[in-house]
Amino acid sequence: MPVPKILILGGGGREHAIAHRLHTDGAEVTCAPGNDGIAEDVRCVPVDATDVSAVVALARDGGFDAVVVGPEAPLVAGVADALAEAGVPCLGPSAAAARLEGSKAFAKAFMERHEIPTARAVTVSSVADLPGALRSFDAPPVVKADGLAAGKGVVVAESFEEAEAAARACLEGGAFGRAGERVLLEERLSGEEASYFVLCDGTRFVGFAPAQDHKRLLDGDRGPNTGGMGAVVPAPVVDDDVRRRIEERIVEPTLAGAREEGFPYVGVLFVGLMIDPHGDPYVVEFNVRFGDPEAQPLLFGLDVPLLPHVLAAVRGALRPGTLPGRPAATVVVAAEGYPTSPRKGDPIEGLEAAAAVPGVKVFHAGTRKMEGGFVTAGGRVLGVCARGDDLPEALATAYRAVDCIRIPGMQVRRDIGARALARLRGPGHDVT
Ligand code: AMP
Ligand code: GLY
């Protein structure tokens with residue numbers, strides 16, 4: 001069989017992890033635009049992933065067997081539809097299906113139509129409706145901008161005043177531009193967060209091991225929200241029983257509902273979850289792609305090749321099941337000033353020493369290669385990823401590699417996986 005040619009769209013740590021995985025699996029991988037760190041492993045071409053016509057031209061002329069889309073923006077912009085028209089298979093949903101991430105109001109209404117467990121929500125599009133909507137909640141609701149807001153459109157309000165101010169900032173103040181023209185007020189869920197990723201072919205799916213992200217900047221889940229400061233796989237809160245509930249109550253009705261409504265889902269579905277104390281899962285959000293950094297431990301930890309499943313998914317021929325993987329963890333190294341104003345151009349030292357730690361792969365998120373070596377070029381700079389026989393070993397290995405890296409002002413959480421480790425140690429062990 002000829003070597004499959006895969007084009008990956010995007011240029012962060014997630015895309016590095018996808019590229020590394022598919023390259024390891026034997027594909028000929030190209031990444032657009034990629035980054036200087038990804039270019040150490042596979043070919044990168046300077047094509048903007050959101051420039052749909054440029055992507056279609058590249059994919060068609062390059063004779064790719066499949067395009068794998070990393071970030072959500074090209075999907076919401078219709079890249080999968082345009083590729084389908086050009087006859088290039090795409091792992092990533094149509095624009096219609098990408099509304100599950102692109103519009104929180106759409107996703108919420110979809111979940112209500114298909115009785116998928118999620119927090120009760122009210123959609124508000126005018127300030128006049130705000131007081132009545134707020135009064136319908138017994139406790140301060142979570143406020144969410146409807147559209148894509150780069151993970152920054154959510155305020156978990158501690159008071160009704162804070163909720164109202166956040167909603168007004170969207171509706172009147174244009175806090176998130178068009179994305180904030182509608183807001184959702186949503187009941188606040190409690191429990192433990194986890195994420196579940198499935199690869200879908202429109203009808204069937206295969207599941208990855210459950211993952212857990214760490215969204216806050218600082219240890220102890222304090223500080224501002226970020227794109228994610230680290231992730232572990234598996235997340236012990238999702239045991240086999242919880243996983244079954246997620247698949248039966250959420251994944252299956254979502255795929256069936258999407259098909260029924262005329263937008264069969266092909267691609268990676270990311271289910272952001274709250275698991276309540278009884279082990280019942282609720283959807284916090286849908287995303288239409290792999291998570292970043294979650295994709296890093298998920299794909300680096302995989303015990304089986306991903307490539308055959310990608311090719312089967314785009315052909316509509318997946319064999320349902322779960323993909324076995326080893327415990328793995330990513331610790332993100334972020335730049336000084338992240339997330340508000342990350343400093344660029346700082347030298348990165350110790351990359352080779354980190355990469356030499358057995359069981360480690362350093363994924364590049366925001367780096368540039370200069371004559372003297374790599375420098376910082378984004379907020380999240382590196383994802384230091386390790387796998388192990390168990391989670392404690394994977395985490396210890398990841399931190400050993402992190403400790404090789406020196407960047408002036410670098411920010412690293414030292415407690416990645418603490419919640420998972422506390423669960424592994426058993427009840428009575430608090431996260432400290
Ligand atoms: P999202 O962008 O929807 O994932 O929201 C960002 C973060 O806000 C989530 O990871 C949760 O920590 C929190 N969050 C969102 N919705 C809720 C909810 N209904 N209840 C509690 N926390 C929430
Ligand atoms: N790490 C969360 C996300 O990718 O949305």
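The number of residues in the stretch 347-365 that are outside any helix (DSSP H, G or I) and surrounded by fewer than 23 Cβ atoms within 10 Å (Cβ to Cβ) comes to 8.
Okay, residues lined up against (1) within 14 Å of ligand 1 (Cβ to nearest atom); (2) closer than 29 Å to Arg113 by Cβ; (3) in contact with a helix residue (DSSP H, G or I) (Cβ under 9 Å, 6 or more places away or on another chain):
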position: Leu217; (1), (2), (3): yes, no, no
position: Arg222; (1), (2), (3): yes, no, no
position: Met229; (1), (2), (3): yes, no, no
position: Arg244; (1), (2), (3): no, yes, no
position: Arg249; (1), (2), (3): no, yes, no
position: Ala258; (1), (2), (3): no, yes, yes
position: Glu261; (1), (2), (3): no, yes, yes
position: Phe270; (1), (2), (3): yes, yes, yes
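In summary, Gly262 fulfils each of the numbered conditions (1) away from ligand 2 (no atom under 16 Å from the Cβ); (2) surrounded by 14 or more Cβ atoms within 10 Å (Cβ to Cβ); (3) under 29 Å from Ser103 (Cβ atoms) with the single exception of condition (2). Before we move on, is Ala80 assigned to a helix (DSSP H, G or I), away from ligand 2 (no atom under 16 Å from the Cβ), in contact with a strand residue (DSSP E or B) (Cβ under 7 Å, 6 or more places away or on another chain) and of a type in the set (Gly, Ala, Ser)? Considered against the rule, which asks whether it is assigned to a helix (DSSP H, G or I), away from ligand 2 (no atom under 16 Å from the Cβ), in contact with a strand residue (DSSP E or B) (Cβ under 7 Å, 6 or more places away or on another chain) and of a type in the set (Gly, Ala, Ser), Ala80 comes out as yes. Here the helices (runs of 4 or more DSSP H) wholly within the stretch 90-180 that include at least 1 residues being at pLDDT 95 or above are 95-102, 104-113. For Ala235, the stated conditions do not hold, so it cannot be described as touching a helix residue (DSSP H, G or I) at 6+ places or on another chain (Cβ under 7 Å), within 13 Å of ligand 1 (Cβ to nearest atom) and touching a residue at least 24 places away in the same chain (Cβ under 8 Å).
Any residue in the stretch 309-337 that is free of Cβ contacts under 8 Å to residues at least 12 places away in the same chain and surrounded by fewer than 20 Cβ atoms within 10 Å (Cβ to Cβ) sitting within a Cβ distance under 8 Å of a residue that is among the hydroxyl-bearing types (Ser, Thr, Tyr) and part of a loop (DSSP other than H, G, I, E, B)? List the pairs, counting only those 6 or more apart or interchain. Going by the 8 Å Cβ cut-off, there are no qualifying pairs. Within the stretch 363-393, the only residue that satisfies the criterion of being under 17 Å from Arg413 (Cα atoms) and without any contact (Cβ under 8 Å) to a residue 40 or more places away in the chain is Pro392. Helices (runs of 4 or more DSSP H) fully within the stretch 203-304 that include at least 2 residues being farther than 20 Å from Val360 by Cα: 240-246, 252-260. If you go through the stretch 276-295 and pick out every residue that is surrounded by fewer than 23 Cβ atoms within 10 Å (Cβ to Cβ), away from ligand 1 (no atom under 12 Å from the Cβ) and hydrophobic (A, V, I, L, M, F, W, C), you end up with 0.
The values are calculated or read from the model by the stated rules, or taken from the named source; none is laboratory data. It should be emphasised that the depicted structure is a prediction, and the values quoted were computed from it without experimental measurement. FYI the Cβ positions are ideal-geometry reconstructions off the backbone, even for glycines, and counts take in every protein chain you see.
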